[in-house]
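The values are calculated or read from the model by the stated rules, or taken from the named source; none is laboratory data. None of the values given here were measured: they were computed from a predicted structure. Cβ coordinates were reconstructed from backbone atoms using ideal geometry, including for glycine residues, and neighbour counts include every protein chain displayed. Areas reflect the complete protein model, heavy atoms only, side chains present, ligands, DNA and RNA absent. Shrake-Rupley method; radii C 1.70, N 1.55, O 1.52, S 1.80 Å.
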Amino acid sequence: ALEKSGLHVYPSVANFLLVRFPDDPSRNAEAANRALNERGILPRKLVSYGLPDCLRITIGKEKEMRAVAATLADFMN
């Protein structure tokens, strides 16, 4: 669902996704973090890891993941 929204999701075998956002200031990782926070979703910013264009999103329950996907689809459109 995130890739269909135009985001790059790195392959993962862990309990989280690493998602890269565009460099566009209106659609970058910082803007996405604010949009997610407004809906009570708290991803991890990765600036201190040298990945300012990415967010780490922990896998949760199906309802929670659908909320993340819907929020990011709205954000990217």
Identify all residues within segment 18-77 that are free of Cβ contacts under 8 Å to residues at least 12 places away in the same chain and either assigned to a strand (DSSP E or B) or closer than 17 Å to HIS8 by Cβ (or both); write none if there are none. ASP24, TYR49, GLY50
Tally time: how many residues in segment 36-50 are of a type in the set (A, V, I, L, M, F, W, C), farther than 16 Å from GLU64 by Cα and surrounded by 15 or more Cβ atoms within 10 Å (Cβ to Cβ)? 1
Scan segment 4-35 for residues that are touching a Cys at 6+ places or on another chain (Cβ under 7 Å) and open to solvent by 70 Å² or more (accessible area, probe 1.4 Å) and report the count. 1
Could you tell me which numbered condition ALA1 fails, if it satisfies all but one of (1) open to solvent by 60 Å² or more (accessible area, probe 1.4 Å); (2) touching a residue at least 60 places away in the same chain (Cβ under 8 Å); (3) under 10 Å from the mean Cα position of the chain (by Cα)? (3)
